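Enquirer: Let me give you the structure first, and then I'll get to my questions.
Bear in mind that the values in this text are calculations on the coordinates, not laboratory data. These numbers come from a predicted model, not from an experiment. For neighbour counting, all protein chains shown are included, and Cβ atoms are generated from backbone atoms with ideal geometry for every residue, glycine included.
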Amino acid sequence: MPPPLQAHRMLLSHRRTSPIPRRRFTAVSSLSSPPAKTLAPGPTPSSILSIRESLLSGERTAADITSEYLSRLRRTEPSLRSFIHVADAAAEREAEELDRRIASGGQDAVGPLAGVLVGVKDNLCTASMPSTGGSRILDGFQPAYDATAVRRLREAGAIVVGKTNLDEFGMGSTTEGSGFQVTTNPWDDSRVPGGSSGGSASAVSARQCVVSLGSDTGGSVRQPASFCGVVGLKPTYGRVSRFGLMAYASSLDVVGCFGSSVFDTATILSVIAGHDKMDSTSSSHDVPDYRSDLASLSLLESKPLNNVRIGIIQETLGEGVDAGVISSIRAAASHLEQLGSVVEEVSMPSFSLGLPAYYILASSEASSNLSRYDGIRYGRQVSADDLNELYGNSRASGLGHEVKMRILMGTYALSAGYYDAYYKRAQQVRTLVKKSFEEALGKYDILISPAAPSAAYKIGEKTNDPLAMYAGDIMTVNVNMAGLPALVVPCGFVEGGSAGLPVGLQMIGSPFSEGNLLRVGHIFEQTLQDLSFVPPLAADN
């Protein structure tokens, strides 16, 4: 993030923009176009459907499936370190109980996620295992209840296999900021998996679990999905209950999910979405079956996206974005055109203003939310002679550098002499960002952009350059500021590692348009040619 005075100047320099200019998209790609009336083969299978079919047919048992995933997890975890806590014994017991229910009651005895192993980001509360938020200040803390999203997964038959690693309290973009360990990328273990939900993305990519939950405050689901080559969904704000999610920035936090296919991600959203009386910000908007519009490849028309209008955001393909990423996104746009959609470039001049405003707002909210970690109500306590010293010593000992820095930044922005200059001005910019999206989405069904300006970079590469790390969030923070849904699907590769590094395409929609994003993402995924997003590490195992 820019220093406070620089950020202030950036906010002050904003002027009201003219109506959104747009022009016809011209693809720049080395990929040849498929024949107009054929669809490319190679559908991405649904792990959830496969597990359900094998269980109900008697082909496999839940115990066998669980054993397979746990075996892969044990082999790969020493190098990946995706999980802070693995509940292997509990998972095996739940699988055995599921087999008994299937034997006695058949299909009617099990839920839609029966036998599906789920990883849960460790800032979501779980009653049966520790929940640390990736912070030493909560080391060993075990809540008395499950987060609503976790409870709904369990009620649908899912087996929670463990708690995944993250940047401390969700504050970071690499998972290097965890208080416990550094997670690596399954495509190249010398690189970061992204963050803050890096453990959840890495676990799904390496097939350590079937699907996983994450949280997204400024891109923490979408950026790691891009880095790890998996599908990541950030729902509309309020679509999924935040009850049981450790608060970072309450007006921006969203519970999201990862899967190896769009169908699996849609299945998870169908289960966890919906109003919750325990969260006053959760929406009562109807929850459809998000799988219902996801047709198989054999049923698709030659132009399945006919008349779908897509805007590619110009500002996300310019300076600061790697050439390989731009090439992948333009190739993806070309593929969408071949599927029948109309793709045009659209300019959103306010797009670059979201980043400094986001860091002011998120840090301000964090400075309030994290005051609860005082060594008395929660977590680690360091003895002292008086109360203020106890607070200070407990926080100094338990909180990491990045968290302390953001608390200080937020406290400064909210202080009496600077509130109007920073926090109020950032809220005004947030309004402009929302209006910009409303105008663009009034003309287009979907907006697209990269999910990150680069593919996964080396561990330690940006540790000493926080401004460069913050700048990596430029593609994602505006979506949180506007409260919109966004889906990331793998779309290509750039050079790096032994098999290339994946690149993710971000699709942004209007509020509560997750169904449309998933439909387009599913068609895109099913019709990609000659691309497999299974990392060598998972394939070898």
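Enquirer: So what is the relative contact order for the range 106-250, in percent, with contacts set as C-alpha pairs under 8 Å and at least six apart?
Expert: Computed over the range 106-250, the figure is 25 percent.
Enquirer: Measuring from centroid to centroid over Cα atoms, what is the spacing of the range 124-164 and the range 400-449 in Å?
Expert: Taking the Cα centre of the range 400-449 as reference, the centre of the range 124-164 is 30 Å away.
Enquirer: A further question follows. Fully extended, how many nm does the chain gain between Leu49 and Thr463 (0.36 nm per residue separation, minus their Cα-Cα distance)?
Expert: Numbers: separation 414, 0.36 × 414 = 149.04 nm, distance 4.04 nm.
Gain on extension, Leu49 to Thr463, equals 145.0 nm.
Enquirer: Quickly rank 93-102, 458-467 as a protection proxy: mean count of other C-beta atoms within 10 Å, highest first.
Expert: In descending order of packing, they fall as 93-102, 458-467.
Enquirer: I would also like to ask the following. Run the paramagnetic zone check for Lys404: 7 angstrom along Cα to Cβ, then residues of the range 123-146 with backbone nitrogen under 15 Å.
Expert: It comes to 136-137, nothing else.
Enquirer: If the viscosity is 1.306 mPa s and the temperature 10 °C, what Stokes-Einstein diffusion coefficient in µm²/s follows for the chain when Rh is the Kirkwood radius over Cα pairs?
Expert: 68
Enquirer: Let me ask something additional. Under 1.5 on a/c is rounded, so check that first for the range 360-453, then, if it is not, pick prolate when a/b is larger than b/c and oblate when it is not; a ≥ b ≥ c are the square roots of the alpha carbon gyration tensor eigenvalues.
Expert: prolate
Enquirer: Sticking with this one: So what is the 222 nm mean residue ellipticity for the chain from helices alone, if each DSSP H run of at least 4 adds -39500 (n - 2.57) and you divide by all residues, rounding to the nearest 500 deg cm²/dmol?
Expert: -11500 deg cm²/dmol
Enquirer: Then there is this: Total Lys pairs in the chain closer than 19 Å by alpha-carbon, pairs eight or more apart in sequence or interchain only?
Expert: So the count works out to 9.
Enquirer: Give me the distance between the Cα centres of the range 239-282 and the range 176-210, rounded to whole Å.
Expert: The range 239-282 and the range 176-210 have Cα centres spaced 21 Å from each other.
Enquirer: Once you charge only the Cβ atoms, +1 for Lys and Arg and -1 for Asp and Glu, what is the size of the charge dipole of the chain about its Cα centre, to the nearest 20 debye?
Expert: That gives a dipole near 1160 debye.
Enquirer: Note the full-extension length gain between Gln181 and Ile376 as 0.36 nm times their separation in residues minus their Cα-Cα distance, in nm to one decimal.
Expert: On the way: separation 195, 0.36 × 195 = 70.20 nm, distance 2.55 nm.
Length gained between Gln181 and Ile376: 67.6 nm.
Enquirer: Under a point spin-label approximation (7 Å from Cα along Cα-to-Cβ), what is the Asp64-Leu387 distance to one decimal in nm?
Expert: So the label points at Asp64 and Leu387 sit 6.2 nm apart.
Enquirer: Shape verdict for the range 325-378, please, from the Cα gyration tensor: rounded (a/c under 1.5), prolate (a/b greater than b/c) or oblate.
Expert: Prolate, because a/c is 1.5 or more and a/b exceeds b/c.
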